[in-house]
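What follows draws every value from the coordinates through simple rules; no lab data is involved. All figures in this text were calculated on a predicted structure; none of them were measured in a lab. Note that each Cβ is placed from the backbone with ideal geometry, even for glycine, and that neighbours are counted across all protein chains shown.
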Amino acid sequence: MSERAGVVIMGTGFSGLCMAIRLKQSGVDDFVILERADDVGGTWRDNHYPGCACDVQSHLYSYSFEPNPDWSRQFAPQPEIWAYLRRCAEKYGILPHIRYNANVVASRFDEASSTWVVSTEDGRQFHGQVLVSGAGALSNPFVPKTEGSETFAGEMFHSANWRHDVDLRGKRVAVIGSGASAIQFVPQIAPKVARLDYFQRTAPWVMPKPDWKRSELAKRITRLIPFTQTLHRWATYWILESRVVAFVISPKILKVLELLGRRHINKYIKDPAKRKALTPNFSAGCKRVLVSNDYYPALARDNVKVVPDNIQRITPKGIVTADGVEHPADVIIWGTGFKVQELVPRGAYTGLGGSDLSEVWAKQGGPEAFLGMSVTNFPNLFFLMGPNTGLGHSSMVYMIESQVQYALDAILKMRKEGMAVVNVRADAQQKFVENMQSRLKGTVWASGCKSWYVNESGKNTTLWPGFTFRYRQATSSFKLADYVIKAK
């Protein structure tokens with residue numbers, strides 16, 4: 001089966017849906033969205049572990065053009081965010097454009113026709129002048145290779161593939177990993193299990209979460225007076241934006257955050273050994289700062305043991321650490337995050353002259369793109385949430401809307417001016433990348449810790465080092481001078 005469209009979009013999470021909605025609103029209707037699952041939602045569909053919720057305030061973690069007055073909490077839980085995305089897809093007429101169970105295995109730019117040919121696992125092909133990738137960095141779970149993992153006799157799964165059919169009550173459970181997912185599901189399962197061994201390689205900084213249930217009156221006010229929600233959104237935006245001063249300009253300010261974090265630990269963790277194990281040994285902000293009110297109370301439970309020793313191997317009966325101790329387990333849950341540094345596998349994108357994007361990025365020492373969106377010799381391709389556009393301080397939805405505006409402007413200009421190909425200039429891309437890496441040098445993320453922001457060669461390929469409104473200014477319009485143009 002082969003299908004042609006003006007624009008092919010990959011993914012139906014916040015990015016893909018936003019691109020589709022904005023195209024529709026601009027009068028562009030010849031697009032398709034390829035979704036590997038059987039429903040929309042991206043990471044908010046896939047992650048449904050107990051306690052899953054957003055760590056950015058709800059009024060900001062939503063489309064600016066589609067406010068939701070009915071969020072139940074200051075920080076929305078996963079079911080509500082997923083329902084919100086499904087509602088948006090239906091309201092804006094996106095559902096007919098979606099091709100479900102379309103797991104993309106390869107995409108190739110055909111130079112003769114100046115189109116992208118996208119192939120899916122089930123043999124379908126889609127042809128489009130423009131390809132927009134909204135796949136996202138948090139889409140492929142990471143499970144580290146561990147000796148003996150295939151021999152484990154119990155149940156074992158990643159938090160992004162939560163097994164709700166596995167009854168944890170009365171079981172000995174081992175949790176590996178201490179990231180954003182683990183701090184949410186551990187408090188939910190700790191009271192149910194007989195014993196929980198928490199294998200923590202590095203203690204994260206965890207701050208109190210300013211969360212609360214929104215009253216019916218608050219919901220009614222935001223419905224009747226939409227301006228109040230807009231005001232709340234912008235107040236939240238500027239409060240979060242002020243964090244850039246500490247993260248980027250003057251990291252010493254983060255010592256205040258460390259004091260708050262230690263107070264949070266000391267309030268709940270009374271056991272000296274456990275308190276020591278849970279106190280981070282790196283600057284706050286170097287890794288992702290997490291928020292939770294029930295994480296430390298859960299770890300303070302008598303049936304929870306924090307294991308800071310490295311894992312040596314997995315046996316049929318449990319986990320053996322570097323000190324030779326075997327920790328019995330009936331269930332192992334991986335809370336080890338995602339393959340953030342492995343954005344594309346070999347063959348995922350083939351550009352001019354048969355160049356493979358995975359090989360190009362490997363030679364460059366990690367993913368690079370102009371404005372985090374365009375890559376030289378991969379024309380008519382736009383990444384959403386691409387390299388160096390991630391955030392450590394605010395809402396990614398704001399960044400997504402900025403990128404979508406840029407891609408939309410490019411598509412409209414291509415059509416208006418009769419352009420067949422737009423290929424970002426190598427010098428423009430290089431200048432942008434050098435500027436990013438230069439600005440990242442003095443930030444807290446370069447203070448020495450090991451995080452998923454930074455790859456094995458020490459290059460931060462993930463974060464935007466500055467104010468988000470600066471990024472919006474940079475992406476406000478598609479500038480032809482940055483691209484090599486080929487007319488139809």
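Below are the figures for this structure:
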read-out	value
Highest to lowest packing among 314-326, 291-303, scored as the average C-beta count within 10 Å	291-303, 314-326
Candidate aspartates and glutamates - alpha carbon under 13 Å from LYS459, same-chain residues fewer than 8 apart omitted	GLU368, GLU434
With eigenvalues of the C-alpha gyration tensor scaled by 5 and rooted, region 228-377, Å	36, 30, 15
Isolated Cys in the chain, by beta carbon distance under 4.7 Å	CYS18, CYS52, CYS54, CYS88
Nearest-ten-degree value, helix 396-417 long axis tilted from longest Cα axis of the chain	10
Burial ranking of peptide ranges 194-200, 330-336 (average Cβ count within 10 Å, highest at the top)	330-336, 194-200
Cα-based reach from LYS192 at 19 Å (exclusive), listing lysines while leaving out same-chain residues under 8 positions away	LYS171, LYS305
Over region 1-93, volume per residue of the alpha carbon convex hull, in Å³	97
At 1.306 mPa s and 10 °C, Stokes D of region 162-228 from Kirkwood alpha-carbon radius, µm² per second	105
Cα-based convex hull, region 382-446, per residue volume (Å³, whole number)	87
Ellipsoid equivalent to the chain - semi-axes via the Cα gyration tensor, in Å	38, 26, 23
Virtual spin-label span in nm between ASN293 and SER250, 7 Å along Cα→Cβ	3.2
Rounded to 10°, Cα long-axis angle of helix 255-268 versus longest principal axis of the chain	40
Members of LYS213/LYS317; LYS24/LYS431; LYS209/LYS255; LYS255/LYS441; LYS145/LYS255 lying beyond 30 Å, as alpha-carbon distances in this model show	LYS213/LYS317; LYS24/LYS431; LYS145/LYS255
Degrees, to the nearest 10: 14-25 long Cα axis against longest axis of the chain	30
Estimated [θ] at 222 nm from DSSP helical runs (n ≥ 4, -39500 (n - 2.57)) normalised by residues in the chain, nearest 500	-8500 deg cm²/dmol
Distance between modelled label sites at ARG346 and ASN435, nm, 7 Å Cα→Cβ extension	3.5
In Hz, Karplus ³J(HN,Hα) per residue of region 219-232 (6.51, -1.76, 1.60; θ = phi - 60°; x = Gly, Pro)	5, 5, 5, 5, 6, 7, 10, x, 4, 5, 6, 4, 4, 4
